[in-house]
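The values are calculated or read from the model by the stated rules, or taken from the named source; none is laboratory data. Everything quoted here is computed from the prediction, not taken from an experiment. FYI the Cβ positions are ideal-geometry reconstructions off the backbone, even for glycines, and counts take in every protein chain you see. We work out accessible area using only protein heavy atoms, side chains counted, and drop any ligands, DNA or RNA first. Shrake-Rupley method; radii C 1.70, N 1.55, O 1.52, S 1.80 Å.
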Amino acid sequence: LAQATEIARRMKLPLLDDSQSQDSERFALLIWVAESGIGLRQSGRKAPNPVLIDFVGGTLGFRGKNSSHSKELVANAVGVKGEHTPKVLDATAGLGRDAFILASRGCDVQMLERSPVVALMLEDALRRASGDAEVASVVERMQLHQGDASDFMRSLRPDEFPEVVYLDPMFPERSKTASVKKEMRLLQQLLGADLDTRELFEIALRVATRRVVVKRPRLAPCIR
């Protein structure tokens, strides 16, 4: 309760507890604060379980602790090869999955996330993961910044430029099929589509010293 109270105060949001479930239906989405972590969920009594970011358990945690990631396309795309592990700026961190994979491969990753809600979830996931003996060394290589990626990159000095800028912009949902994962549906509902992808791309080209990597749906139009 103390943690939820502080989050509500800092983010200037109303605070609801379990006894106010009917009042919660006035809101489309809720920040869910529990002993298991901080998540995002839809309102309503029949809403599915909240989405939490978990770098220890679940699919992502299992991959992080038990896989070499040798077949991970994202690692190949940024240029991880042998002992070479480039410094990466993930300008669209989202749920942090790709950043975690890269950190698992030895990359130092700066994560930028403009949404204060998603950044809160990432901060909580990193804190929880730091207490796990097997994952702590990975998340030590992940540094989170909350704010606008364009402003952050413009503020960098040449000696601070990353080798690689990684972009995975939120793309408008093409269909309403069940294949769209619950996590993505909630993020799309919270954030909408990224409308400044081209601007981010142009700035990234100016600051990346080796390459810019863009994760893009197969049928998405070209950025430029």
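3J(HN,Hα) couplings calculated from phi for region 201-212 with the Karplus curve 6.51 cos²θ - 1.76 cosθ + 1.60 (θ = phi - 60°) are, in sequence order, 4, 5, 5, 4, 4, 7, 9, 6, 8, 10, 6, 10 Hz; Gly and Pro show x. Rg and Dmax of region 101-153, both derived from C-alpha coordinates alone, stand at 11.6, 35 Å.
Solvent exposure of region 79-224 amounts to 53 Å² per residue of accessible area, where only protein heavy atoms count and the probe is 1.4 Å. The modelled label-to-label distance between GLN188 and GLN3, using points 7 Å beyond Cα along the C-beta direction, is 3.0 nm.
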